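Following: one structure in structure tokens, then a few remarks.
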Amino acid sequence: MSNEIEIGRGKRGRRAYSFDDIAVVPSRRTRDPEEVSVSWQIDAYQFELPVVAAPMDSVMSPATAVALGRAGGLGVLDLEGIWTRYESPEPLLAEIAELDSADATARMQEIYAAPIDADLIALRLKEIRAAGVTVAGALSPQRTREFSKVVVDAGVDLFVIRGTTVSAEHVSGRAEPLNLKRFIYELDVPVIVGGASTYTAALHLMRTGAAGVLVGFGGGAAHTTRTSLGIHAPMATAVADVAAARRDYLDESGGRYVHVLTDGGVGRSGDIVKAIACGADAVMLGAALARATEAPGQGWHWGPEAHHPQLPRGERVRVGSSGTLEQVLFGPGHTADGTLNLIGALRRSMATTGYSDLKELQRVEVVVSPYQPH
């Protein structure tokens, strides 16, 4: 049955689904929540939680990256953010939290106009390494060539190349674009790259040698990509399409498995369940972790799109503080809105649907069930 809809006589569109449009269905078996595994592995790195923190200044500082690492997840530091532009960024983070909404974008553009300091990149990564957790840092494709040697020399374990969208075939008449396949081949550390939101784009990224692909296109809580550029990728469909690319690339490559990480649209615990059900191996969380009391954003959340010097495609949004990082991840929860005890909820859902690990949960039955939260 075709999933295409006629928009008008000259245009057809494919129906796509967000996480709010779907739900998972219990099977014939149930389990005890304590007996399910939520661990995952990428390359040589094993994690107890399928949680990767988004490289956003409102979410990750060196201290919160260490805290998440010790909890069993992976913190990714934005190496083009405030921590690599200022030796003491805390006063500026406090200022951003106090800005009037009408002035926030313009003032953030001024703050982020300061140059990136290569020495601070090295210093921040070494701070995380000194704590004994897995070290990950993110650069945009535009900055990767400039700072990649500094990042690798600082001892990064996982290199993340993250943009609103990342293509294996970028075309530019002004400068030589980053050759992802050559760059990844020459690098000594595994690379996670994205975002991608279609089967074809993801397949091309997998062919570059990436260890993981981020799925998403401007779908996070702090993005305005749909209103500013008219582009949007409903996440349930995007993840399922990229998971299909992973399956086909596994056959094409003779057994090379590329991990799929959902990046965007995963604000609450039920979204984590549905992301994995659609085929994700792990989730990259932004707003969900920005709600922790330890988060640098102090109850506010923003990404690099919010302070783009020419065309902001995001904004500073109020997410509030739900509890400590420990409570956000492991509870106890004192609300029923899916913002606390994310891992407990994932375990409970896996137990209720009868699956013992994340790879099994990818096979859970999914139904289309449009839902309008109150």
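Out of Glu34, Glu110, Glu95, Glu6, report the one residue that is touching a residue at least 40 places away in the same chain (Cβ under 8 Å), over 22 Å from the mean Cα position of the chain (by Cα) and not in a loop (DSSP other than H, G, I, E, B). Even if it seems obvious, please write down each step before you answer.
Details: Glu110 fails: touching a residue at least 40 places away in the same chain (Cβ under 8 Å); Glu95 fails: touching a residue at least 40 places away in the same chain (Cβ under 8 Å); Glu6 fails: touching a residue at least 40 places away in the same chain (Cβ under 8 Å).
Being touching a residue at least 40 places away in the same chain (Cβ under 8 Å), over 22 Å from the mean Cα position of the chain (by Cα) and not in a loop (DSSP other than H, G, I, E, B) holds for just one of Glu34, Glu110, Glu95, Glu6, which is Glu34.
Only one of (1) among the small types (Gly, Ala, Ser); (2) outside any loop (DSSP other than H, G, I, E, B); (3) under 22 Å from Val133 (Cβ atoms) fails for Ser58. Which number is that?
(2)
Here are the criteria: (1) surrounded by fewer than 20 Cβ atoms within 10 Å (Cβ to Cβ); (2) over 24 Å from Thr225 (Cβ atoms); (3) modelled with pLDDT of 95 or more; (4) among the basic types (Lys, Arg). Tell me which single one Arg145 does not satisfy.
With (1) surrounded by fewer than 20 Cβ atoms within 10 Å (Cβ to Cβ); (2) over 24 Å from Thr225 (Cβ atoms); (3) modelled with pLDDT of 95 or more; (4) among the basic types (Lys, Arg) applied to Arg145, the lone miss is (3).
Evaluate region 256-269: report whether one residue or more is free of Cβ contacts under 8 Å to residues at least 60 places away in the same chain, crowded, with 18+ Cβ neighbours inside 10 Å and more than 16 Å from the chain's Cα centre (by Cα).
no
Inspect all residues belonging to region 77-89 and state whether any of them is farther than 19 Å from Asp157 by Cβ, assigned to a helix (DSSP H, G or I) and open to solvent by 80 Å² or more (accessible area, probe 1.4 Å).
No: zero hits.
Exactly one of these conditions fails for Leu123: (1) closer than 14 Å to Val135 by Cβ; (2) in a loop (DSSP other than H, G, I, E, B); (3) more than 16 Å from the chain's Cα centre (by Cα). Give me its number.
Of everything listed in (1) closer than 14 Å to Val135 by Cβ; (2) in a loop (DSSP other than H, G, I, E, B); (3) more than 16 Å from the chain's Cα centre (by Cα), Leu123 misses just condition (2).
For Tyr257, all conditions in the list (1) in contact with a strand residue (DSSP E or B) (Cβ under 7 Å, 6 or more places away or on another chain); (2) assigned to a loop (DSSP other than H, G, I, E, B) hold save one; what is the number of the exception?
(1)
The values are calculated or read from the model by the stated rules, or taken from the named source; none is laboratory data. For clarity, every value in this text was computed on a predicted model and none was experimentally measured. Here Cβ is always computed from backbone atoms with ideal geometry, including for glycine, and neighbour counts include all displayed protein chains. What goes into the accessible areas is simple: the full protein's heavy atoms, side chains included, and nothing from ligands, DNA or RNA. Shrake-Rupley method; radii C 1.70, N 1.55, O 1.52, S 1.80 Å.
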